[in-house]
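This report refers to the structure that appears directly beneath it.
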Amino acid sequence: MILGVTGLVTAVRELPPESTQQAVGYPSLFLLVALGALVPVVPTGAIVSSAAVVAFHHSSPFSLLYVFLVAASAALLGDTALYWLGQRGVRSRNGSRWLAALRSRVTPDRLAQAQERLDTHQVSVLVLSRLVPAGRIPVMLACLLAEMPLRRFVRGDAAACLAWAATYQLIGILGGSLFPEPWQGVVAAVGLTVLVSAVPALWRRIRGSGAPSDRGRGEAPSGHEHP
């Protein structure tokens, strides 16, 4: 067993760079993105950007296309699996741990906003939900509670996954084009991805900290407050 693993490692190391990426990189990218879509703790955006940096530095013009197709299809598979598991919880009288996990990650106000946008814009909200950091789960939960059919969800989510993969691939291409070494581009792409993900949360925190004072200024003139 040990000899077999050692031989496999040696064989992979001796492959040319493009063959190594095809044999190891693309399956790993698929598994990581699919897992990150199913269990929303893996930073899939940073993974796609990093893969795009490596693909950018390869001579093959198809490397970036492969990264795009693999990332989009893996994201769609993970989203579909998570939605299907959530549907089982909605239909069950006792719910499910997957549905409970989705509910635990969404605050009531964000769920209400997602439901309102879903009623207004329908399936187009799915596309924006994947482009906005931390926007995917609230919209998915709103779709589940609205009992959107799986087929309809997949149709909207397919466009969302394509747009998402293209966006984070562009971040990777930007990072790869700024630096001569792939590892430098990976660091830049991951840093930019983290920054993009942190901005909405920081903005919500700033708005939340300012809400009480605004509310206090609005209620003072009414004279209806109780001590």
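A short reminder: the numbers here are calculations on the coordinates, not readings from a lab. Remember, it's a predicted structure, so these values are computed and weren't measured experimentally. Heads up, the Cβs are rebuilt from the backbone with ideal geometry, glycines too, and the neighbour counts pull from every protein chain shown.
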With no solvent and one point on each alpha carbon, what is the Debye value of log10 I(q)/I(0) for segment 34-159 at q = 0.14, 0.17, 0.22 Å⁻¹? -0.62, -0.86, -1.30
Report Rg(Cα)/(2.2 N^0.38 Å) for segment 92-146, keeping two decimals. 1.09
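What FRET efficiency comes out for the pair VAL42/LEU65, r = Cβ-Cβ distance, R0 = 30 Å, nearest 0.05? Before the final figure, lay out each step's value.
Values: r = 23 Å, r/R0 = 0.78.
Efficiency for this residue pair is about 0.80.
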Give me the distance in nm between label points sitting 7 Å out from Cα along the Cα-to-Cβ direction at THR120 and VAL132, one decimal. 1.0 nm
ALA163 to ARG97: FRET efficiency via 1/(1 + (r/R0)^6), r the Cβ-Cβ distance, R0 30 Å, to the nearest 0.05? 0.50
